[in-house]
Structure formats: structure tokens, C-alpha cells
């Protein structure tokens, strides 16, 4: 698994390593003995047991076999897969195109009741028009994906927007003022997207906030992120997709969102900024 600075990922890796180390201890084995039974160099046992190296599924099977705990291998491999899923590099997620990545998050959207999203550069996906979404995904496809299934990916993302109108879900979207003027897709696409923002901002369950440009120079930059209830945060980084579930980290992003929300303008003030962005297209 690729290394990540997230303590959520590291904590999950450490928990798996701790469980493997406990199996070794419960079996009355020293590290060198375990290595001999597995046919490994002793340093491999040390690296795995200290979470410096992630084990493979075969490594876990061999470890459990040596400890007389074959029955625990399946659960430990499931834990490994969960850890691997916390950090996914784009080339892995998108190796079969963009459609799969769009489909994979639908269960998360369906079970979430409270959405909070901060986007410094673009209008958030759930309130994008299909034309704007096509421009976003086309840019992604050209940069890093060899398969062109943009039309399918756009259709899936548009279908996903039904969550805006189902049940009692609540949505809070924050974006920088500069996101209103990024010229993505050209004048016609931008105009349609900004008009759409004015419409969705009037829905009772949706809050649209815009952080004015005047605040940019007075604070540290923050990466874009989505918070799903209090359970999970997703962050799109240059190299991959990070899933955060550790409560202290989820709380840190919630605090960052609250700080940004205090800087944002809403209602008529936000509409004036959007209207000004529309006027600039003429």
C-alpha cells in the first residue's frame, strides 16, 4: 500500500500489525522462529510487526499457519483489504476508466444524511450541471486516464444527484469565489452552471456558501474535501483518493469546515457574487 501522511491510514496499518504480533506471542514464538517457519528473513517479520511494511494476503496466510491460527487468516485479510481501501492511487482506481470510480461511491451517498463539502476550485459534483461535469471529467480523462468512458461517468454522476431530493438529507456546500470564475468548459457551460447554482441555492435542504476572495490572503490554503455525516471524510489529492475514518481526523476536518463556513457569505450576498460572475461572462 502506498504510504500516506494520514494518521487514519497509519493507525489502521498499526492495528493490523498489532494483531499479527499478538498471534505470534500467543503461539509462544519469537520473531526468528516465525521467520524460519515461514521461510522468510527475520527482518521481514520485524517490518510487518512494526507496520513498516504492509503484508500481502499470502504473508498473512503463512503467518497464521505458522502460529496455528489458520482460522483467523480470513478476518485478517479482510482487515488488510480495508486498510488498502483507505488510500487508493488514481491509476489503480481509474485503470478501467472513470465510470467505476463514480459507481463506487453511490452506496456512501445513499447512506449519508448530512453532507458537507468544501471545494476551492470547482463547483461541488452534486450541484454540477451535466455540461460542467463533462468538462471536469474530460479534463481528468485527458490528464491521467487512457480509457474514454466520460459519457458513462457523467450519466452516473447525474443519476447520483437524486440524493438531493430523497428523504431528509441535508447539504452544505462551500466554495471559493474563484471557483465561480474558473472558465472550465467555456462561457456557455459556465453560464449554465452559475444559473444552476442560483436555483439549487434556494432549496430548503441545501446551503450554498461562497468564501469571498478577500479572505484568501489571510489564511492557509485547505484542500478540497467531503464530510459524510460524522463517519468519514474523503480527500482528492494529486496522487490518489484518501478515505479518513479516525474520529479525531474527521473532527479536524469538521472544524476546518466550520471555520471556512464562518468566512463564507450566503443567501442574497452569495447570489450577488454568483450574479457578478455571470455578468463577467458577457
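Details
- Only residues that are under 31 Å from the mean Cα position of the chain (by Cα), at pLDDT 95 or above and exposed (fewer than 14 other Cβ atoms within 10 Å of the Cβ) were counted in the range 9-56, giving 0.
- Scanning the range 225-252 for residues that are more than 22 Å from residue 94 (Cβ to Cβ) and either under 11 Å from the mean Cα position of the chain (by Cα) or modelled with pLDDT under 95 (or both) returns 227, 230, 231, 245, 246, 247, 248, 249, 250, 251, 252.
The values are calculated or read from the model by the stated rules, or taken from the named source; none is laboratory data. Since the model is a prediction, treat every value here as computed from it, not as a measurement. Positions of Cβ are generated from backbone atoms using ideal geometry, with glycine treated the same way; all protein chains shown enter the neighbour counts.
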